[in-house]
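Note sheet for the following structure.
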Amino acid sequence: MSTTAVATKKNFISGDEAVAYAARLCKPEVIAAYPITPQTIIIEKISEFIASDEMKCQFLLMESEHSAMAASMGASMMGCRTFTATSSQGLLYMSEMLHYVSGSRFPIVMINANRTVAAPWNIYCDHRDSISERDSGWMQLYVENGQEALDTLIQAYKVAENPKILTPIMINLDGYVLTHTYELVDIPEQEDVDEFLPPYNAVNKFDFDNPKSLSFTASPEWQTEFRYQQQEAMENAEKVIKEVDEEYGNKFGRSYGGMIDEYYVKDADYVIVAMGSVVGTSRLVVDELRKQGKKVGLVKIRSYRPFPKEYFKELGKKVKAVGVIDRDISFGYEGAVYSEVKSSLYTPGVNVKTINFIAGISGRDITKQYIADMFGQLEAADLGKDVEEVQFTGLRWK
Amino acid sequence: MIEVRWHGRGGHGGFTAARLLGLAASVYGGNYAQAFPSFGPERRGAPVLGFTRIDDKPINDHSQVYSCDVVVVLDESLIGSVDVTKGLKDSGVMLINSHKSPNLFNFNVKAKIYTIDATQIALNILGKPITNTVMLGAAVEVTNFVDIKSVYEAIDSFMDRDLREKNKKAAQTAYEFMRGGNQ
Amino acid sequence: MYKPKVVKNYQFPRTKEDMPLGPGSAAGVLIDVNSGWRTFRPVIDETKCSMCYVCWVVCPDGVIDKTGTKLEIDYDYCKGCGICAYECPSKAIDMIKESEK
Amino acid sequence: MIKMKELSDEELFYGHKACQGCGAGIVSRLAMKILGDKTIVVLPASCISSVTTIYPQMSFFTNSMTSSFPATGAVLSGISAACKAKGLNDVNVLGLAGDGGTADIGIQALSGAVERGNDFIYICYDNEAYMNTGIQRSSLTPYGAWTTTTPTNDGALGETKFKKNLFEIMMAHRIPYCATASVGYPFDFINKVTKAKKIKGPKFIHVLSPCPTGWGFDTDKTVEIGKLAVQTGLWYLAEYEKGKIRINIEPKSFKPVSEYLGGQKRFRHLNKGDFEVIEKHRDREWKALKNLVED
């Protein structure tokens, strides 16, 4: 991390608060939201900003998440920048609208405070909620701390509103582990953010001079072409996510590698792939193991959609074993992130060993010891030992 | 890095102390900090935990706290129902809000035990048995990372105007009491 | 007659660039007519018509035109439901079988 | 009162693919005439959306969008807030939804939007069943009606529950303006839309919209059936404004319900006893309405 190029204010705030500050800096014209643990603080903080006139926008307190996303879509149709936030059951409740928004090409940016999905009911972190929405047509970014949440939110509008992309973005922030954890967060100055992120200049909106029909019906003759556009937009985003992150880094002194962040991967034999808050903890484990002379590394997936498939194609050629931490499982198969990493790793001639660690389910802590053990398993697999491919980390009876 | 665990009851400001310590250490102390509550809905009166991590470099660890350098018990009555010694390092310290002498607490630990009658200090200064800033002042004395002046700045920036002076005084009183060495 | 008209020889997008961005396009674009729906067509008897406009109000398709000196019907979009004839207080509209024009 | 000659010749709803004699077609067309080209129309899944906005043929000549089924009220809120954010004061934000989209799946979003007080007009064209998908019952399907999900084979009654009173539900929100209307009384409807257009905040108009296809009558009788519903007392025309209710048309005596019910295939299995049940219910509903008027 280089020194900051612009003035910032250091604050000791929670991930949720960092998000609220970021939302304020992005100057959304309409916010429609519904509270849900552990996202609630975001909405409360924004309510405070509005009440004290520190933030000027139309603020709609909705009666459900489905309606929150529907109202956001309505506002986006008028060319307004919008913001909303949700979590877990709420994300699933707005699922229908997620598809409406992405299919209609509205660049809405939303924070999802990652929380598991009932049943069993639980309010703690895993990625079952967002992974369940993998195919909703939203970009999905995962962050590892409050600072990255703030920075990524500002970046996200610039990516989503890019005319070549016009696709909504869901930024995933681990519930409690990040939402409720207070950390030192640099809050950039408004004028610097304004310079970086100009107002949303919408093309896909209602127009009284040239009236429009939006979100219309398309017959089978045309659906394929509209879907192709969505795929193309995602492909365009791969480049833009990186460019915007670099531009942000140049201006604010913090960047995150675009779609992927590597830690000691260059000469690594054994690599763990992870998303979200566990990445930070994993860095410490890599530091420890490196001190012991182990050639271990870490890959953070920052952008899950679009998926950095090209990166993994190259990684597969370089390393001996890859472990993927999934905070979710696709029952009847394996972790979704694992499936995708695996399918990208294997190119002709590549025979890398892979293990899937189903860990951090519904708030179960992923300890440094767990992560160290994961590296141990990768080494064991590489040395020809019989290792279970899909493992539940920390399972009580193992 | 030092890790501090706060034992309190829901609604009694234990987590506020954890946050104030983090705020003092980071924004006003030039170090890095992390503070988080025991996750979940906070029920008034129920035993709750707060945590503060302090380091001179950025803190990436987002796993839970398993070993502590400092344990702060805001309410003596928690002892017995909650294992306050869990993970306490041999080199660590425990601070208990109690009028009793530390040697009356029979914990099977090597860590140093301190007591401070925080409730009485709080009653004297704040007029209410709210002990979080008192215990904060005491905790600061035993953690090398934080200057008491940073705590005053943290209180100034965090608390409502009418509460600041009293709470700074509460923290200061406890800090000086601990300075005096009450093992 | 003052009614929207069908776009003759509407050009569908042929290339990627022709496509609208997502499902959003110009409002008020008609690319085909509804005239094939009718079994009966309404015909106004000018001698009986009192220009009361009841038919004009109740038409679900809005095909009756009142901008001229007499009422006219846009047969491109009339579906032949017969509400106009039924509601006409002067019984000035006849429903005539399409094949018998 | 608007005069017929003053009504605009501009057709903002044209060339649609609704069934012959569609009551909802009359509702949509007249509403658009009154509201004009500074209108944004929100259409949930419904007859009207599915016959108007199929790429590339677009039968609304103003800005419009197709909303998800349950979301009409919420989308209206969002657009209304966005108009405020953009400083637009002269835009009519119109929701145009069927009975299912309003009283069943859409009622949460509608209730939320009305409670929030956003500025919009919501018109429910009530054809008393899910007509777009082939005549399945909704909570506004009347007692005794046949639908595909309330069949009448083997002597079954059809719909066994009475129609939900949406007017009273809206009144309970203390909404600035709500009204009932019928396709049988187009001028009454036009006046209500005109009034709604001038009032700030949420407005709701519930229009009985006879459906030749789903109700089983000849396509030329749509307006006539709409009149009979009022004349038999099975549908009332009323308004709620500034906390007061007004009955717009009060028949001196009701025509026999058989005149209304007998003209529709969906009721052809009903017998005299069923008619009596329906009449009793009608009388109760009127009594309730009049009690509200007197309050």
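Numerical summary
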{"read-out": "Euclidean distance between Cα centres, the stretch D:227-295 to the stretch A:255-275, Å", "value": "72"}
{"read-out": "Rg and Dmax [Cα atoms of the protein assembly as shown; Å; Rg one decimal, Dmax integer]", "value": "33.9, 115"}
{"read-out": "Bins of 10 Å from zero: percent of alpha-carbon pairs in chain A", "value": "5, 23, 33, 25, 11, 3, 0"}
{"read-out": "Bins of 5 Å from zero: percent of alpha-carbon pairs in the stretch C:30-100", "value": "3, 18, 30, 26, 15, 6, 1, 0"}
{"read-out": "Residue-wise HN-Hα coupling along the stretch C:85-99, computed from phi with Karplus coefficients 6.51, -1.76, 1.60 (Hz; x: Gly, Pro)", "value": "5, 5, 8, 4, x, 9, 6, 9, 10, 9, 9, 10, 4, 3, 5"}
{"read-out": "Coarse-grained scattering of the stretch D:5-112 at q = 0.13, 0.19, 0.21 Å⁻¹, given as base-10 log I(q)/I(0) from a Debye sum over alpha-carbon atoms", "value": "-0.47, -0.99, -1.17"}
{"read-out": "³J(HN,Hα) computed for each position of the stretch A:392-398 - Karplus, 6.51 cos²θ - 1.76 cosθ + 1.60, integer Hz, glycine/proline x", "value": "8, 5, x, 4, 4, 9, 10"}
{"read-out": "Exposed GluC sites (Glu not before Pro) absent: longest stretch of chain A, with sites in DSSP loops and at most 12 other Cβ within 10 Å deemed exposed", "value": "A:55-387"}
{"read-out": "Unit charges at the beta carbon, dipole of chain B: most positive-side option, B:Y175, B:M135, B:A25", "value": "B:M135"}
{"read-out": "Lysines with Cα under 22 Å of A:K294, excluding same-chain neighbours fewer than 8 positions away", "value": "A:K266, A:K317, A:K318, A:K320, A:K353, A:K368, A:K385"}
{"read-out": "The protein assembly as shown: antiparallel DSSP beta bridges as a percent of all, rounded to 5", "value": "40"}
{"read-out": "Alpha-carbon centroid distance for the pair the stretch D:78-112 / the stretch B:139-170, whole angstrom", "value": "50"}
{"read-out": "Relative contact order of chain A, pairs being alpha-carbon contacts under 8 Å that are 6 or more residues apart, as %", "value": "17"}
{"read-out": "Euclidean distance between Cα centres, the stretch D:19-61 to the stretch A:118-177, Å", "value": "37"}
{"read-out": "Rh by Kirkwood over Cα pairs, then Stokes-Einstein D for the stretch D:180-295 at 0.692 mPa s and 37 °C, µm²/s", "value": "215"}
{"read-out": "C-alpha long axis of helix A:336-345 to longest principal axis of chain A, angle in °", "value": "70"}
{"read-out": "Cross-link table D:K163/D:K198; C:K91/D:K198; A:K10/D:K86; D:K86/D:K244; C:K70/C:K97; A:K27/D:K203, entries beyond 27 Å C-alpha to C-alpha", "value": "D:K163/D:K198; C:K91/D:K198; A:K10/D:K86; D:K86/D:K244; A:K27/D:K203"}
{"read-out": "Percent RCO, i.e. relative contact order, over chain C, from Cα pairs under 8 Å lying at least 6 residues apart", "value": "35"}
{"read-out": "Projected area, mean over directions - the stretch A:260-392, Cα convex hull, nm²", "value": "7.7"}
{"read-out": "In the stretch B:2-179, lysine pairs with alpha-carbon atoms under 12 angstrom apart (chain gap of 8 or more, or interchain)", "value": "5"}
{"read-out": "P(r) tail fraction, the stretch B:94-169 - alpha-carbon pairs more than 17 Å apart, %", "value": "50"}
{"read-out": "Contact order normalised by residue count of the stretch A:260-392, Cα under 8 Å, 6+ apart, percent", "value": "27"}
{"read-out": "Förster radius 41 Å - calculated FRET efficiency between B:K128 and A:E225, Cβ distance, rounded to 0.05", "value": "0.05"}
{"read-out": "Trypsin sites (Lys or Arg not before Pro) restricted to DSSP loop in the stretch D:218-295 with at most 16 other C-beta within 10 Å", "value": "D:K242, D:K252, D:R268"}
{"read-out": "Ratio Rg/Rh, restricted to the stretch B:1-100 and using Cα atoms, in which Rh is the Kirkwood radius", "value": "0.96"}
{"read-out": "For chain D, radius of gyration divided by Kirkwood radius, i.e. Rg to Rh on alpha-carbons", "value": "0.95"}
{"read-out": "Alpha-carbon Rg with Dmax, taken over the stretch A:190-334, Å", "value": "20.6, 69"}
{"read-out": "Within the stretch B:104-156, trypsin sites (Lys or Arg not before Pro) in DSSP loop having at most 16 other beta-carbon neighbours inside 10 Å", "value": "B:K110"}
{"read-out": "Kirkwood hydrodynamic radius over Cα pairs of the stretch B:2-179, then Stokes diffusion coefficient at 10 °C and 1.306 mPa s, in µm²/s", "value": "100"}
{"read-out": "Label-zone membership for the stretch D:107-138, site D:K195, 7 angstrom Cα→C-beta point, backbone N under 15 Å", "value": "D:122"}
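Throughout, read-outs are computed from the coordinates displayed, never taken from laboratory work. Quantities reported herein were computed from a predicted structural model and do not represent experimental measurements. Glycine gets a Cβ as well: all are built from the backbone with ideal geometry, and neighbour counts include every protein chain shown.
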